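Chemist: Once you've had a glance at the structure underneath, I'll fire off some questions.
The values are calculated or read from the model by the stated rules, or taken from the named source; none is laboratory data. As the structure is a prediction and not an experimental result, all values here were calculated from the model. Ideal geometry is used to build each Cβ from the backbone, glycine not excepted, and the neighbour counts take in all protein chains shown. All accessible areas refer to the heavy atoms of the entire protein, side chains included, with ligands and DNA or RNA removed. Shrake-Rupley method; radii C 1.70, N 1.55, O 1.52, S 1.80 Å.
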Amino acid sequence: MIRMENVHKAFGDNHVLRGVNLEIPTGTSMVIIGGSGTGKSVALKCILGLINPDSGKIYVDGQDAATGDRDAFLAKFGMLFQGGALFDSLTVWQNVAFRLLRGSLKRPVDEARAIAIEKLRRVGLKPDVADRYPAELSGGMQKRVGLARAIAAEPEIIFFDEPTTGLDPIMAGVINELIREIVTEMGATAMTITHDMSSVRAIADNVAMLHGGKIRWTGPVSRMDDSGDPYLDQFIHGRAEGPIESVR
Amino acid sequence: MSPIAWLAGLGRSVLTLLAVFGRVTLFALDALSHIFRPPFYPREFAAALLHIGWLSLPVVGLTTIFTGGALALQIYAGGARFNAEAVVPQIVAIGMVRELGPVMVGLMIAARVTSSIAAEIATMKVTEQIDALVTLSTHPMKYLTAPRILAALITVPALVAVGDIIGIAGGYAVATQNLGFNPAAYLKNTADFLEPLDIVSSLVKGAAFGMIAAIMGCYFGMHSGRGAQGVGRATKSSVEAAAVLILAANFVLTGVFFSL
């Protein structure tokens, strides 16, 4: 389980998180929605320790995320970045097997390559992609490679940062389905941040809406449409009028 | 502007400069400490050796051969004013080994290596590749900075040695082909005049300049701003800082070796 307790984070005068409280039960898929600049990515990066919160506590499986063995903590996680964040200087299979080629999870090169090719197959890519470089791939293929890298070491927790941004609707649908299938078959805990409502409906068990630096609403995806919360209603229906200010 | 406002502005600038100096020093100490602490990344180290050392040879060779040739012409022309043309071999040797070799190589490394390290790391930062490294349980300082700094520390003295030799060869070629010097006498005068301290100072300068060049590239890359403008600014600042620090370090090291 991931638990955020009263997490605050400011960048200068910009108070991005103003007391976030959130629980993600083990084995469930939580999708965090909210407008641009509401701190979704910051919340995710706080959990991973990429950004240190100003105050508040974050627990992962009961362990304080700010203390303990950092390598063991990070070994629990896989992450798909918004732009893929693939390493340009490495081939596709070396990207996917990055964790398996070094550090505590190191395997022999042949075994790491075989696992990488299997993970590429799992995300719908053929083995001939393995020896290409990321720059030679389309955006959708790069997302798949990023997804393969995120699951290569069989993590307990997987984070997805805007997994469908920049993709056409068909490819976005394919990625959403893949994420749902993989999370279900691995039994992993998943946290996704997105503005894409089709992603929310495809991926989420539970939904949380971040607004004004706090969790505005949280609940099962099945209750999202009749939540009665005017902020959530405006967001999921994409209305310009409502309590959330829109700039025209 | 009132004197108080001017003084306040000056104070702010000094404080900012001191803060930057402190940040760079802490970064350098942290980066150097990672050279000695596992895990080590031999593949990245080998790639850095190739990129910083081997692939810099052409630019180092071309820079120093022309510098050595020009130096021989200048010394000959200047020496002719007081009948001292014969000192060309000695002054070319001492000039290249003590000063021009290390400084020219250092500045070329700042232009070629510092810029590329800063641009590469800054691009990795803005495209979240550095965050990705962290989530893959890999410390960016160990994976990105330590191999580059160690490679620069090892290869730049070697490049300086090569640059010194090529520079002296440039002077030799000009002196023997254009200025009428006897080839055997030129080489003997060069070898007789150089002292071990000249060579040691050259190599120590090379190591210092290599370290400065790599640390500046890594520091500005790691602290890059967002977007293409951030990458451009980081690259520009890294080369400026490396060039100025190399020249300042050259002055200090020359003082340490030859004035104390």
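Chemist: All but one of (1) within 9 Å of chain A (Cβ to nearest Cβ); (2) closer than 21 Å to B:Leu49 by Cβ hold for B:Asp164; state the number of the condition that does not hold.
Modeler: Only one criterion is unmet by B:Asp164, namely (1).
Chemist: Anything in the stretch B:71-83 that is loosely packed, with under 15 Cβ neighbours inside 10 Å and of a type in the set (Gly, Ala, Ser)? List them, or say none.
Modeler: Of the stretch B:71-83, the ones loosely packed, with under 15 Cβ neighbours inside 10 Å are B:74, B:77-78, B:80-83.
Listed by number, the residues that qualify are B:Ala77, B:Gly78, B:Ala80.
Chemist: Related question: Just to be sure before I move on: is A:Gly124 more than 10 Å from every other protein chain (Cβ to nearest Cβ), surrounded by fewer than 21 Cβ atoms within 10 Å (Cβ to Cβ) and part of a loop (DSSP other than H, G, I, E, B) in the structure I sent?
Modeler: Numbers: more than 10 Å from every other protein chain (Cβ to nearest Cβ): yes; surrounded by fewer than 21 Cβ atoms within 10 Å (Cβ to Cβ): yes; part of a loop (DSSP other than H, G, I, E, B): yes.
Yes; evaluated as a whole, the condition is true for this residue.
Chemist: For A:Phe81, indicate whether it is crowded, with 18+ Cβ neighbours inside 10 Å and farther than 30 Å from A:Ala135 by Cα.
Modeler: Values: crowded, with 18+ Cβ neighbours inside 10 Å: yes; farther than 30 Å from A:Ala135 by Cα: no.
Judged against the criteria, A:Phe81 is not a match.
Chemist: With the checklist (1) under 15 Å from the mean Cα position of the chain (by Cα); (2) crowded, with 19+ Cβ neighbours inside 10 Å; (3) modelled with pLDDT of 90 or more; (4) not β-branched (Val, Ile, Thr) in hand, flag the one item A:Gln142 doesn't pass.
Modeler: (1)
Chemist: Within the group A:Lys143, A:Lys119, which residue is under 16 Å from A:Gly84 (Cβ atoms), in contact with a strand residue (DSSP E or B) (Cβ under 8 Å, 6 or more places away or on another chain) and in the same structural domain as A:Thr91 (by TED's automatic domain parsing)? Reasoning before the result, please.
Modeler: Numbers: A:Lys119 fails: in contact with a strand residue (DSSP E or B) (Cβ under 8 Å, 6 or more places away or on another chain).
The conditions single out A:Lys143.
Chemist: Another question, if that's okay. For the stretch B:132-225, give me every one of the helices (runs of 4 or more DSSP H) that falls completely inside it and has 3 or more residues that are of a type in the set (Gly, Ala, Ser), crowded, with 19+ Cβ neighbours inside 10 Å and over 16 Å from the mean Cα position of the chain (by Cα). Break it down stepwise before answering.
Modeler: Numbers: elements: B:146-177, B:183-193, B:196-222.
Fully inside the stretch B:132-225 and qualifying: B:146-177.
Chemist: Condition test on B:Ala86, is it open to solvent by 40 Å² or more (accessible area, probe 1.4 Å), part of a helix (DSSP H, G or I) and at pLDDT below 95? Give the steps one after another, and end with the answer.
Modeler: Values: open to solvent by 40 Å² or more (accessible area, probe 1.4 Å): yes; part of a helix (DSSP H, G or I): yes; at pLDDT below 95: yes.
So B:Ala86 passes the test.
Table: residues versus (1) surrounded by fewer than 21 Cβ atoms within 10 Å (Cβ to Cβ); (2) more than 16 Å from A:Glu23 (Cβ to Cβ).
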site: A:Val174; (1), (2): yes, yes
site: A:Arg180; (1), (2): yes, yes
site: A:Met186; (1), (2): yes, yes
site: A:Ile203; (1), (2): no, yes
site: A:Trp217; (1), (2): yes, no
site: A:Tyr231; (1), (2): yes, yes
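Chemist: Give A:Thr184, A:Thr192 a once-over and let me know the one that is closer than 30 Å to A:Gly62 by Cβ, in a helix (DSSP H, G or I) and hydroxyl-bearing (Ser, Thr, Tyr).
Modeler: Working: A:Thr192 fails: in a helix (DSSP H, G or I).
Unique residue meeting the criteria: A:Thr184.
Chemist: Scan B:Glu128, B:Glu120 and give me the residue that is at the interface with chain A (Cβ under 9 Å from one of its Cβ atoms) and within 20 Å of the chain's Cα centre (by Cα). Before you say what the answer is, go through the steps one by one.
Modeler: On the way: B:Glu128 fails: within 20 Å of the chain's Cα centre (by Cα).
Every option except B:Glu120 fails the conditions.
Chemist: Please specify each residue of the stretch A:85-117 satisfying the condition of being at pLDDT 90 or above, in a loop (DSSP other than H, G, I, E, B) and either open to solvent by less than 50 Å² (accessible area, probe 1.4 Å) or touching a Gly at 6+ places or on another chain (Cβ under 6 Å) (or both).
Modeler: Result: A:Ala85, A:Leu86, A:Phe87, A:Leu90, A:Thr91, A:Ala97, A:Leu101.
Chemist: Based on what the data block shows, is B:Ile215 within 22 Å of B:Val97 (Cα to Cα), β-branched (Val, Ile, Thr) and in contact (Cβ under 8 Å) with a residue 40 or more places away in the chain?
Modeler: Values: within 22 Å of B:Val97 (Cα to Cα): no; β-branched (Val, Ile, Thr): yes; in contact (Cβ under 8 Å) with a residue 40 or more places away in the chain: yes.
No, not satisfied.
Chemist: Go through the stretch A:131-151 and report how many residues are part of a loop (DSSP other than H, G, I, E, B) and either within 12 Å of chain B (Cβ to nearest Cβ) or free of Cβ contacts under 8 Å to residues at least 40 places away in the same chain (or both).
Modeler: Here is the first cut: in the stretch A:131-151, the residues part of a loop (DSSP other than H, G, I, E, B) are A:131-133, A:137-138.
From what's left, either within 12 Å of chain B (Cβ to nearest Cβ) or free of Cβ contacts under 8 Å to residues at least 40 places away in the same chain (or both): A:138.
So the count comes out to 1.
Chemist: Quick one: would you say B:Ile91 is over 22 Å from B:Val239 (Cβ atoms) and in contact (Cβ under 8 Å) with a residue 12 or more places away in the chain? Let's see the steps before the verdict.
Modeler: Values: over 22 Å from B:Val239 (Cβ atoms): yes; in contact (Cβ under 8 Å) with a residue 12 or more places away in the chain: yes.
For B:Ile91, the condition - over 22 Å from B:Val239 (Cβ atoms) and in contact (Cβ under 8 Å) with a residue 12 or more places away in the chain - is met.
Chemist: A further question on this structure: Would you call B:Thr138 out of contact with any strand residue (DSSP E or B) (no Cβ under 8 Å at 6 or more places or on another chain) and farther than 25 Å from A:Arg70 by Cβ? Spell out the reasoning first.
Modeler: Numbers: out of contact with any strand residue (DSSP E or B) (no Cβ under 8 Å at 6 or more places or on another chain): yes; farther than 25 Å from A:Arg70 by Cβ: no.
The answer is no for B:Thr138.
Chemist: Quick check on this structure: which one of A:Ala172, A:Ala208, A:Ala135, A:Ala190 is at pLDDT below 90 and of a type in the set (Gly, Ala, Ser)?
Modeler: Values: A:Ala208 fails: at pLDDT below 90; A:Ala135 fails: at pLDDT below 90; A:Ala190 fails: at pLDDT below 90.
Just a single option satisfies the conditions, and that option is A:Ala172.
Chemist: If you take the residues of the stretch A:67-83 that are among the charged types (D, E, K, R) and in a helix (DSSP H, G or I), which of them is farthest from the other protein chains (Cβ to nearest Cβ)?
Modeler: Selected residue: A:Arg70.
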